[in-house]
1. Just to check your reading of the model, which residue among A27, A50 is buried (at least 17 other Cβ atoms within 10 Å of the Cβ) and touching a residue at least 12 places away in the same chain (Cβ under 8 Å)?
2. Can you report the number of residues in region 1-24 which are surrounded by fewer than 14 Cβ atoms within 10 Å (Cβ to Cβ) and of a type in the set (G, A, S)?
3. Would you check if D105 is closer than 18 Å to T3 by Cβ and more than 13 Å from the chain's Cα centre (by Cα)?
4. Looking only at residues in region 86-108 that are under 14 Å from T8 (Cβ atoms) and charged (D, E, K, R), which one is surrounded by the fewest Cβ atoms within 10 Å (Cβ to Cβ)?
5. What's the total number of residues in region 83-108 that are part of a helix (DSSP H, G or I) and among the polar types (S, T, N, Q)?
Amino acid sequence: MTTTTILTKARALIVRGWTQREFACDASGATVSATSSQAVKWCAWGAVDAASRFELPDESALNLLKQSIPGRARALGRWNDHPKRKKAEVLALFDRAIALSKKMDKRT
């Protein structure tokens with residue numbers, strides 16, 4: 001699976017549901033594994049883990065997300081979990097990372 005595919009699938013998971021302070025949650029809000037069939041909400045990192053099923057390119061996807069964070073912050077978990085963070089900002093982060101991944105794909 002390509003990095004762009006992982007990021008695109010992860011973004012689709014965030015569209016379905018986004019959470020903070022946990023990799024994933026079920027419908028009742030309980031913490032579950034990012035790859036659990038019970039998961040209905042994911043943080044940015046958890047969505048990548050779920051989309052990749054822990055395949056090797058997930059590290060590339062995470063690195064592109066970190067590079068796409070606005071400003072100087074590079075800690076994805078801390079950025080995702082900021083109390084004022086909005087789902088729309090997380091989706092925009094994925095959009096930037098996907099665009100960067102596609103640009104890198106064209107170079108290879």
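Bear in mind that the values in this text are calculations on the coordinates, not laboratory data. Computed from a predicted model, the values in this text were never measured in an experiment. Using ideal geometry, Cβ is built from the backbone for each residue, glycine included, and neighbour counts are taken over all protein chains shown.
1. Details: A27 fails: buried (at least 17 other Cβ atoms within 10 Å of the Cβ).
Residue meeting the stated conditions: A50.
2. 1
3. Working: closer than 18 Å to T3 by Cβ: yes; more than 13 Å from the chain's Cα centre (by Cα): yes.
Here the answer is yes, as D105 does meet what is asked.
4. Filtering region 86-108 for residues that are under 14 Å from T8 (Cβ atoms) and charged (D, E, K, R), the one surrounded by the fewest Cβ atoms within 10 Å (Cβ to Cβ) comes out as D105.
5. Keep residues of region 83-108 that are part of a helix (DSSP H, G or I), which gives 87-107.
Subsequent filtering for residues that are among the polar types (S, T, N, Q) retains 101.
So the count comes out to 1.
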